[in-house]
Amino acid sequence: MRKGADGSITRDGRMLILAYDHGLEHGPVDFEPVPETADPEVVFDLATHDAVTALAVQKGIAEAYYPDYADDVTLLAKLNGTSNMWSGEPDSAVNWSVDYAAEVGADAIGFTVYGGSNHEIEMVEEFREAQERAREHGMAVVMWAYPRGQGLRNAESPDTIAYSARTALELGADVAKVKHPGSREAMAHAVEVSGRTKVVMSGGSKTDDLQFLRTVESAIAAGAKGLAVGRNVFQREHPRAILDALEAVIFDGESAEDALELATRGPERAAD
Amino acid sequence: MRKGADGSITRDGRMLILAYDHGLEHGPVDFEPVPETADPEVVFDLATHDAVTALAVQKGIAEAYYPDYADDVTLLAKLNGTSNMWSGEPDSAVNWSVDYAAEVGADAIGFTVYGGSNHEIEMVEEFREAQERAREHGMAVVMWAYPRGQGLRNAESPDTIAYSARTALELGADVAKVKHPGSREAMAHAVEVSGRTKVVMSGGSKTDDLQFLRTVESAIAAGAKGLAVGRNVFQREHPRAILDALEAVIFDGESAEDALELATRGPERAAD
Amino acid sequence: MRKGADGSITRDGRMLILAYDHGLEHGPVDFEPVPETADPEVVFDLATHDAVTALAVQKGIAEAYYPDYADDVTLLAKLNGTSNMWSGEPDSAVNWSVDYAAEVGADAIGFTVYGGSNHEIEMVEEFREAQERAREHGMAVVMWAYPRGQGLRNAESPDTIAYSARTALELGADVAKVKHPGSREAMAHAVEVSGRTKVVMSGGSKTDDLQFLRTVESAIAAGAKGLAVGRNVFQREHPRAILDALEAVIFDGESAEDALELATRGPERAAD
Amino acid sequence: MRKGADGSITRDGRMLILAYDHGLEHGPVDFEPVPETADPEVVFDLATHDAVTALAVQKGIAEAYYPDYADDVTLLAKLNGTSNMWSGEPDSAVNWSVDYAAEVGADAIGFTVYGGSNHEIEMVEEFREAQERAREHGMAVVMWAYPRGQGLRNAESPDTIAYSARTALELGADVAKVKHPGSREAMAHAVEVSGRTKVVMSGGSKTDDLQFLRTVESAIAAGAKGLAVGRNVFQREHPRAILDALEAVIFDGESAEDALELATRGPERAAD
Amino acid sequence: MRKGADGSITRDGRMLILAYDHGLEHGPVDFEPVPETADPEVVFDLATHDAVTALAVQKGIAEAYYPDYADDVTLLAKLNGTSNMWSGEPDSAVNWSVDYAAEVGADAIGFTVYGGSNHEIEMVEEFREAQERAREHGMAVVMWAYPRGQGLRNAESPDTIAYSARTALELGADVAKVKHPGSREAMAHAVEVSGRTKVVMSGGSKTDDLQFLRTVESAIAAGAKGLAVGRNVFQREHPRAILDALEAVIFDGESAEDALELATRGPERAAD
């Protein structure tokens, strides 16, 4: 973590990262709820929403679409990722070099590390190279800190999630993207042990509007600095409405209930 | 995918890639139906047909024959490939560097990725290096997107083929070469999830004239931008006639039946 | 070992290295006895104590906090390390390049080598690269010389510890950090076979004040040049008091008993 | 294969490569029939015979002896090879870099590829690097195209040998060294599928004079461009006589019988 | 092997290499017979004896002690080696780069190759890099040619030792260090098949004075050019006396008996 390095992807120190790498990680099945989301233009359009501080995509998507949105979207280059056609011990291919990410216009990099995997060591060494190169380009570094692997009992326990968040600090990430550990206390602990590395909650699979917003509110209250979200936005019928609500919770300190009410009657809804 | 990058291997946005790497991938057995096709000159001559927008060969073939055809053939450097003498988990050796492909005169690169293989991660990382280097040379990038591997159930299902096509977009290919998924709807889905990456149908093993042309017609109607074909051309008695017919279907919008009639009575047939 | 190379991390030829890489190696569980030690600032503050000749941390901690302490703390860059979420044959990821460690301001590098592990050869070759690069930067080289691996019977025997200390000399470390082999004679033997490479005792898990100081006293008497310690300092209620005592034992030649008495009534205690 | 690249190791388009890497591949046992052949000088002297267009040796032999024969012998640097003390799945260590081979004075490189081995992919990638580097130096490229591996049924079948010869063309060798596939028709097929890559027959283990010459005559008649031979020359009592005969068969179009008669009564025999 | 390359470590074409890498390879147990030999100064002092043409040590020992002996000792940089805490298939870590060995002042490099090991290919490729880099620095190259590995029946047979010696020639070593194959005839055979590469006998574990000298005398008579010795010198009570005797046998052509008598009554003994 380097002071100020996350400036390009935060607003007032908080962030909402819209993630759209599902086409690689999960395949087109993730577009089925809202078929038009298979078209990256639809998601790039969403990323122009004021609430979104950065859009995380893989190289090919960025090459093809980012030039049309360079003035309105902040690009977070997700450097690694792997299809789920392959089903071995968790690992992730490095699909994009930092230098080329900078050339395409990215302000930040994203990198998955599966702590506990038999490939942890290799992944961490790849992270080292990417992180240090990102420093040369002045790019922010976000670690997808996901404990996962056959030797790992209880990958989703609060302790393991806190441990993962800590490794993001130890290894030099500016931001740690972690799963919500289940309670406000657990999230507060993860935030505490991450020191100056900012913690953002991972959106996960789609849930009910209010339940989702309450989880985000709780995470923010626990000290998390925001959210990295994909399906919980683009799989909704009214994605701009939920972005309105998330903006209210994350940046304006509204409660989940108030934010939801604001968003469902607001002017953005009409245009959604 | 980078806008305009495929210009050298397309005509009006469509393409017919003649592939001739069978001597490496399958061995001389693929030349048995028409023994003179063992001679690369025969296939380079075919590649001068107007229908062909690029010829895909391995390094050694290009080194030895392309200088004689540089004015009349567009070279697509197939960078990796492996003999089937070896029979392990799907993998492919990188036989040609991008820099040397550019020196030999290639306008595009071709690269196989076996999604789902235990070597997927390694192949994707090799693809990364080749793709980024191709960008520096301004070469088009074609991915042979072939799901294959012991952990992959149903490698030929429409969903898996669509997923593979999507990974071509995500990883930065300008063109995805995929097997035909079996129906027009399935091909349309693969095309849809590939966004700005163009999809071409893989020719596969030799079939009946009309059946083959109908499949191509259906693929084009579904949004595919063309065909990458080897055996379905060079294993025929009258390869120029089928190229005439393919030209009519792919570039002129003729039906399979009309194209076949045109081709079998046309002037090219006489010269075949 | 190169003459004079350890000057930046020694005082009168002796050293007290405060180690704080537990957040990576063991996880937040090591902060539970004194929860505020999860905050690196707390430990950086401790490292400003006169007794401490260097603070060993991972890259991310150094990036985030060292700039605030650059005038008061000597930075030892712990280059490798691994979480214990992963539980395979002992190995350690290289998380930090020497060049970047120098840029961040480190005066020395630390590197773990698990002699006897199936990864020994790989780790030693990584050590080679780091050690030789450190020489170019004029940085001191400290080896965490820890025998560990499935093929190693009796990793904690005096002979094995002495052997590890010797490998630190053979491979070019200026300082070997080894576990205390259990007796003054055994430590003297380890020191003897390490020649001009200085031996420091590893602090290990937290023990009783007097017992700990007596062990350190015994190590110094046996020829060790100091201590590398983490939990035995930061897991105490009064860490500055134990640093006072350690300073007396290591640098001033006091007995454990006298040092403890001095420290527990001294002025530092009040400020702790 | 690049046009004209083989000029340094051919005479009128044909070649006789004297191979002397047996000390590495088989060990001193191959010198037992004629013990003085353990001395490289003896074989370098043979290589000055007019029939020999190139001498293939490993790096150490070239370093030590080639300077004394640089005016009279054309050096073919055999870049890889492995002792048979090791008995795993076929593989071959790269013992010599192309750059250093050029510095020592080689005009050509030789490289073994075991098609069908579990190491095929790695070997082919090493071949890529060597081949492309050889192109920069303008050196000829000879592939020892030897199908071999546990997954390969019938490594010596004509089809497999033809396949191997084809891969030499596909991968960019100027010359393919293959085992004789057993009949003139089979050799003709291997030659045909190799296109512009020249095929030379591998000498193999020592056989009767006339039988050996007849095999060579048959290979030449089938379109092979020569021979790469070791034991069938240096394990003979009168190696210069067999070189005389081989010269007559390969370069002068004599029959095996005439060549043998010429050689056994010729002036060279006396000097042998 | 390159003509004249061994000049720095030979006297009149012969050599006595004092080897002192036992602290890494075997551990401090090798110093137990004469405990002060744990101190490298003691062995560096021995290396100033006129008989010694080079001292072989690992990097750390050279860094720490060679500067004090640079005027009196010729440094042979033993580049690889491994502790016996690890007990897998024979392999050896590369602990020292050639460039840094040159910087430290080495005139020659030493490199172990375990022919027959499952790591043979990797070791030989590492040897290639070191050997070619040594050529650029004009350093002599000594191969510790030690057949060893689970697939090797009879690693100590005369044939296997002769084979190993031959590989040293083939791969480009100036000097091959081999175990004595048991008889003068066997040693003569190893020497013969090594051509211009000089063979030196490995000292092995400590034996009786006269028996040891007779073995050396026999090796020299068989054509070996000297000895590489460690324990048979430094584990003796009077190491200078045995060096006197070895000098007489190796460089002056004395018999073992005469040499021993000379040495045990000579002036050096008094000073030992």
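Brief remarks follow.
- Bridges between two residues of chain C, per DSSP, are antiparallel at a rate of about 10%.
- Taking 0.36 nm per residue of sequence separation and removing the Cα-Cα distance, the A:GLN211/A:GLU125 pair yields an extension gain of 27.2 nm.
- B:GLU257/A:GLU89 FRET efficiency (R0 41 Å; Cβ-Cβ; nearest 0.05): 0.20
- Computed from the C-beta positions of A:ASN154 and E:GLU156 and an R0 of 56 Å, the FRET efficiency is 0.60 to the nearest 0.05.
- Average beta-carbon neighbours from other chains, 10 Å sphere, peptide D:120-132: 5
- Helix-derived mean residue ellipticity, 222 nm - over chain D, DSSP H n ≥ 4, -39500 (n - 2.57), to 500: -12500 deg cm²/dmol
- Prolate/oblate/rounded call for the range E:104-169, Cα gyration tensor, a/c under 1.5 rounded: prolate
- Averaged over the residues of peptide B:109-117, the number of Cβ atoms from other protein chains lying within 10 Å of each residue's Cβ is 2.
- DSSP beta bridges confined to the protein assembly as shown are antiparallel in about 10 percent of cases.
- Inter-chain neighbour count for A:86-99: the average number of beta-carbon atoms from partner chains within 10 Å of each residue's beta-carbon is 5.
- P(r) of the range D:155-201 over all Cα-Cα pairs, binned every 5 Å from zero, in whole percent: 5, 29, 39, 19, 6, 0
- Sorted largest first, extent of the range E:155-235 alpha carbons per principal axis (Å): 34, 23, 23
- The peptide list C:115-124, A:172-181, A:190-199, put in order of mean Cβ contacts within 10 Å with the highest first, becomes A:172-181, A:190-199, C:115-124.
- For the range A:5-242, the Cα-based Rg and Dmax, in that order, read 16.3, 45 Å.
- For the protein assembly as shown, a crude dipole built from +1 on the beta carbon of Lys and Arg and -1 on the beta carbon of Asp and Glu, taken about the Cα centre, is about 1220 debye to the nearest 20.
- A Förster distance of 60 Å, applied to the separation of the beta-carbon atoms of E:HIS137 and A:GLU41, puts the FRET efficiency at 0.50.
- Distances from E:ARG11 to itself in the other copies, using label points 7 Å out along the Cα-Cβ axis, amount to 5.1, 5.1, 8.2, 8.2 nm in increasing order.
- The Rg/Rh ratio of the protein assembly as shown, with Rg taken over Cα atoms and Rh as the Kirkwood radius over Cα pairs, comes to 1.02.
- Net charge dipole size for the range E:43-151 [Lys, Arg +1 and Asp, Glu -1 on Cβ; Debye, nearest 20]: 280
- Order of A:ASP99, C:ASP159 under a 10 Å beta carbon neighbour criterion, fewest first: A:ASP99, C:ASP159
- Basic side chains Lys and Arg get +1 at the Cβ, acidic Asp and Glu get -1 at the Cβ, and with that the dipole of chain B about its Cα centre reaches some 860 debye.
- Near-label residues of the range D:65-97 by backbone N, under 16 Å of a point 7 Å along Cα→Cβ of D:VAL29: D:82-88
- Rounded to 5, the percent of DSSP beta bridges in the range A:13-114 classed as antiparallel: 20
- Cross-link pairs D:LYS78/E:LYS59; C:LYS78/E:LYS78; D:LYS78/D:LYS206 - those with Cα-Cα distance over 24 Å: D:LYS78/E:LYS59; C:LYS78/E:LYS78
No lab work stands behind these numbers, since they all come straight from the coordinates. What you see is a predicted model; the values in this text were computed from it and never measured. Note that each Cβ is placed from the backbone with ideal geometry, even for glycine, and that neighbours are counted across all protein chains shown.
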